[in-house]
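Have a look at the structure below before the remarks.
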Amino acid sequence: MKFHLADTDGLNTITGHGPGHVLVNGMRHDRPLLVGPDVGPLDWAVAGFGLLTEADFAALLQHEPELVLLGTGQRLRFPAPGLIRGLAQARVGIEVMDTPAACRTYNILTGEARRVLAALLFDPA
């Protein structure tokens, strides 16, 4: 799917997505990815949803988001509560959704000048 957005004043936007990839500012990414309005896009060094650790989520705090959008691939999957405990303790919200929904939500929140960080996973090929 390709998105068409209004001018976002140089902020990172997700301009499209498809099975196994997203486009950020028109550039294709097909590995786990972190992106915020002024963060990255950065490779997220995780091995996949089933291997996420508490440290993977703690590392997101360095980007100082107010909200993390976790895109879990083509289907919605929830991480164990213990994995995201550090985000709650830091008073950072987390919303879990499939990756296409996370892409759409990210663009909306970026347009509202929110400090959002999308942590996007893709299904193995």
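A few points about this structure:
- Computed on the stretch 38-98, with alpha-carbon pairs under 8 angstrom and 6+ residues apart, the relative contact order is 40 percent.
- Of the three principal axes defined by the Cα atoms of the stretch 31-121, the extents in descending order read 31, 28, 20 Å.
- Per-selection metrics, the stretch 44-97 (Cα): Rg and Dmax in Å: 10.5, 29
- What the Cβ-Cβ distance of residue 62 and residue 91 gives, at R0 = 22 Å and to the nearest 0.05, is a FRET efficiency of 0.90.
- Over the chain, Cα pairs under 8 Å with separation of 6+ residues give a relative contact order of 30 percent.
Laboratory data are not the source of any read-out in this text; all were calculated from the coordinates shown. If you're wondering where the values come from, they're calculated on a predicted model, not measured in any experiment. Cβ sites come from the backbone with ideal geometry, for glycine too, and all protein chains shown count toward neighbours.
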